[in-house]
Amino acid sequence: MPEGHTIHRLAHDYATAFLGTTPRVTSPQGKFTDAATLLTGTELTHTEAHGKHLFLGFHATDWIHIHLGLFGKVTFTLAPTPAPPPTDTIRLRLANDTTCVDLRGPTTCALITPPEKQAIHDRLGPDPLRDDADPDTAYRRISRSRTTIAALLMDQKVIAGVGNVYRAEVLFRHRIDPYRPGKDITPPEWHEIWTDLVELMHEGVRNNRIDTVRPEHTPEAMGRPPRVDDHGGEVYVYRRANQPCHICGGEIRTADLAARNLFWCPTCQRP
């Protein structure tokens, strides 16, 4: 599932292509046709992201709410707009004279009202990529919880936008045992985690990939081969199970936690 930096990047890319224009809105697949008919030819006035939720605003009265889920995919192409094959699965297409954007396979693609949009924001935790984020809101929940910090970081009601990669990497960067209960995370530790997430995720938006290793641990600095992985980016522990830790040389471990694979170094992240 895409992490929050990807959704914020999509909000930026949609804005670059369509903000202030009146795109043609269609649903070649047919499942969003009624809403698309209402919106086509109206001005796109806002794009916004909160965690893993993307919002496209038309006249600030109608919003398309998109959640990609596990299988959603967004594809940008240059005009002229290609004709989709009869069996294509394009749920939503926005097009103007320069750009065509297709959405396929989302968990959610719905036309919602401003109150419905606000209800989504209200149930989400603070997003490190949003200017209105309050890290203290997240810490109040964390500091009262016996749940592991690894699980809490993935709980979108606690903090929005953090996924499996950022979760694993930020805990490693601060040498925190992923199984430590939230109530045992100190205020200074939480401040450092939050500040690091803000920086790492903004870098992810800029570069459209996740890199979490510090300059002294890059392949060039350490004389090691670069990471080869479909997700790209240089990381410390994510998807590096049974490989040596870049710092201590010990073996990276993996385990199931809350139905997701957890990665950590038991030497660097001691209980």
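Miscellaneous remarks
- Residue tally, condition part of a loop (DSSP other than H, G, I, E, B) and buried (at least 17 other Cβ atoms within 10 Å of the Cβ), over region 248-271: 4
- Looking at Leu54, Leu70, just one residue is within 28 Å of Ile159 (Cβ to Cβ), aliphatic (A, V, I, L, M) and part of a strand (DSSP E or B), and that residue is Leu54.
- Check on Leu70, free of Cβ contacts under 8 Å to residues at least 60 places away in the same chain and among the aliphatic types (A, V, I, L, M): no
- Leading residue by the ranking (modelled with the lowest pLDDT) among those in region 209-240 that are open to solvent by 30 Å² or more (accessible area, probe 1.4 Å) and within 25 Å of Ala151 (Cα to Cα): His231
- Filtered by the rule that a residue be acidic (Asp, Glu) and under 23 Å from Arg130 (Cα atoms), region 192-243 gives Glu192, Asp196, Glu199, Glu203, Asp211.
- Region 145-164, residues that are in contact with a helix residue (DSSP H, G or I) (Cβ under 8 Å, 6 or more places away or on another chain) and either open to solvent by 40 Å² or more (accessible area, probe 1.4 Å) or not in a loop (DSSP other than H, G, I, E, B) (or both): Arg146, Thr147, Thr148, Ile149, Ala150, Leu152, Leu153, Met154, Lys157, Asn164
- Here Ala79, Ala110, Ala83 are screened, and the one residue that is without any contact (Cβ under 8 Å) to a residue 40 or more places away in the chain, open to solvent by 30 Å² or more (accessible area, probe 1.4 Å), in contact with a strand residue (DSSP E or B) (Cβ under 9 Å, 6 or more places away or on another chain) and not polar (S, T, N, Q) is Ala79.
- Taken over region 18-47, residues that are part of a helix (DSSP H, G or I), open to solvent by 20 Å² or more (accessible area, probe 1.4 Å) and either among the hydroxyl-bearing types (Ser, Thr, Tyr) or touching a Pro at 6+ places or on another chain (Cβ under 9 Å) (or both) amount to 2.
- Any hit, region 212-227, residues being touching a residue at least 40 places away in the same chain (Cβ under 8 Å) and touching a Cys at 6+ places or on another chain (Cβ under 9 Å): no
- Among (1) hydrophobic (A, V, I, L, M, F, W, C); (2) in contact with a Gly (Cβ under 8 Å, 6 or more places away or on another chain); (3) open to solvent by 10 Å² or more (accessible area, probe 1.4 Å); (4) not in a loop (DSSP other than H, G, I, E, B) - the single one Ile142 does not satisfy: (3)
- Failed item in (1) in a loop (DSSP other than H, G, I, E, B); (2) surrounded by 15 or more Cβ atoms within 10 Å (Cβ to Cβ); (3) touching a Cys at 6+ places or on another chain (Cβ under 7 Å), with Phe172 passing the rest: (1)
- Residue in region 150-169 that is farther than 22 Å from Gly69 by Cβ and more than 18 Å from the chain's Cα centre (by Cα) present: no
- First in region 193-204 and touching a residue at least 40 places away in the same chain (Cβ under 8 Å) and in the same structural domain as Arg167 (by the TED database), second anywhere and open to solvent by less than 30 Å² (accessible area, probe 1.4 Å) and acidic (Asp, Glu), Cβ under 9 Å, 6 or more apart: Met201/Glu3; Met201/Asp127; Gly204/Glu3
The values are calculated or read from the model by the stated rules, or taken from the named source; none is laboratory data. As the structure is a prediction and not an experimental result, all values here were calculated from the model. All Cβ positions, even for glycine, are placed from backbone atoms using ideal geometry, and neighbour counts span all protein chains on display. For the accessible areas, the whole protein counts, side chains as well, though only heavy atoms, and no ligand, DNA or RNA atoms are used. Shrake-Rupley method; radii C 1.70, N 1.55, O 1.52, S 1.80 Å.
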